[in-house]
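The next block holds one structure in the form of structure tokens; read it before the comments.
The values are calculated or read from the model by the stated rules, or taken from the named source; none is laboratory data. These numbers were taken from a predicted model, which means no experiment stands behind them. Note that we place each Cβ from the backbone using ideal geometry, even for glycine, and neighbour counts take in every protein chain shown. When the accessible area is computed, the model is the full protein with side chains, heavy atoms only, and any ligands, DNA or RNA have been set aside. Shrake-Rupley method; radii C 1.70, N 1.55, O 1.52, S 1.80 Å.
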Amino acid sequence: MRLLFWPCLFSSSSFVFFGVNWQRVFLTSLQSVTHFDEIMTLITRIGDPATLFFVIVPCVMWAFDTQLGLQLLIAVIVSDFTNAVLKFPLRGDRPYWVFSELRQFEPTCESGFGMPSGHVMVSTALWTLIASRIGNKHVIISTSIFLLLIAVSRVYVAAHFIDQVLAGYLWGLLVAKLIDRNFATLYKRFLAATVIHRLKVVSTVALIAGAIVALEYHVIAIVSDPLQSLEYAKMGCKIPNGVHLTTGPLVGTLRDIGVLVGAGIALSIHPILPLPTKTTFSEWLWSSLWRVGLGLLCLKSISWTAGKLKPDGQGVLFWAHQFLWFFALAFAMVRMVPLGRTQKGHELIQK
């Protein structure tokens, strides 16, 4: 419970310490340095939870350490889901809603509320776990600098206020700490269970997550419009057709539940077991290149197909599409693990 204290306190009261006028001056001054437009846009895209899910997690899972990859996948699910659930009650405005004079970029017009920052929260959870596993001082310092750059980029593109990225950092550290403490024990228990029991655990967790979202959605609907942030985004966005519907209310939670169910079913049917025999560095390198390349091509093919079938607007069909899309991605990602497991990759990431 002590771990929850500071993120909760900061998320609920931080704007008191970061006044509106001060943030307006800071944001305007930061955006005046136009030389950084391209690099800040690139960094914010690298910190996108979708990039972490589509690229970083499968590369680690298939080429380096499969159980660390699974740990990272859980970190992405938990941090992204928690972030979406927190945004409903905290209802933080985004800078581009409030200050019309700010410049806007392609990643700016997200349609969900802003507190806490999802990019910073998910990136912090994932990269903290990687840095702590490697344990190298230089890697830890580099990770800290990289996370700082992601936070700055989110403020630079007018997607978040300073307090929102700081809150995202604190919540991300909390998620990483909890997963690092409990993953090994819980995964051993999961492996020891029967296939039927594993499927029951996955379905129970998914139902609980769905119930949390449904309850929160209906409670908020009593006092306000749950899709109000989408209207704010449409009014504040100056880029034609620039509002990102996939970052809106409910969409993120449904994607996370889809990933949970897809990965959970794949793991229940085919759990990840101890690593196979050792390989040389050259064997690991060449086999990893084609495995990761083939795997990413498979995930890209699923996404391309899902993009062609994407319904217009936000409604039941759109939400179902998001759930099924990420269910398929997670199932494929975990089922392809035997193609990418090597002892050499496991050894490299431990150094």
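What to note about this one:
- Residue within region 31-43 that is in contact with a Gly (Cβ under 9 Å, 6 or more places away or on another chain) and closer than 23 Å to TRP171 by Cα present: no
- ALA330 touching a Gly at 6+ places or on another chain (Cβ under 7 Å), modelled with pLDDT of 80 or more, open to solvent by less than 50 Å² (accessible area, probe 1.4 Å) and under 30 Å from LEU230 (Cα atoms): yes
- Residue in region 59-71 that is touching a helix residue (DSSP H, G or I) at 6+ places or on another chain (Cβ under 7 Å), open to solvent by less than 20 Å² (accessible area, probe 1.4 Å) and within 15 Å of ARG255 (Cβ to Cβ) present: no
- So ASP225, is it under 21 Å from GLY92 (Cβ atoms) and either of a type in the set (Gly, Ala, Ser) or open to solvent by 40 Å² or more (accessible area, probe 1.4 Å) (or both): yes
- For region 130-189, the tally of residues that are free of Cβ contacts under 8 Å to residues at least 40 places away in the same chain and either closer than 30 Å to TRP22 by Cα or aliphatic (A, V, I, L, M) (or both) stands at 14.
- Yes/no for LEU245 being surrounded by fewer than 20 Cβ atoms within 10 Å (Cβ to Cβ), at pLDDT 90 or above and within 21 Å of the chain's Cα centre (by Cα): no
- Filter pass, ARG45 being surrounded by fewer than 17 Cβ atoms within 10 Å (Cβ to Cβ), under 25 Å from LYS234 (Cα atoms) and under 16 Å from the mean Cα position of the chain (by Cα): yes
- Pairs meeting the criteria (first residue in region 107-127 and closer than 13 Å to GLY47 by Cβ, second residue among the aromatic types (Phe, Trp, Tyr), beta carbons under 6 Å, at least 6 apart or on different chains) are VAL120/TYR169; MET121/TRP171; THR124/TYR169.
- Within region 80-114, the set of residues being part of a helix (DSSP H, G or I) and of a type in the set (A, V, I, L, M) comprises ALA84, VAL85, LEU86, LEU90, VAL98.
- Elements of type helices (runs of 4 or more DSSP H) in region 115-222, at least 2 residues being polar (S, T, N, Q) and open to solvent by less than 50 Å² (accessible area, probe 1.4 Å): 118-134, 137-156
- Subset tally (residues that are surrounded by fewer than 20 Cβ atoms within 10 Å (Cβ to Cβ) and of a type in the set (Val, Ile, Thr)) for region 79-104: 2
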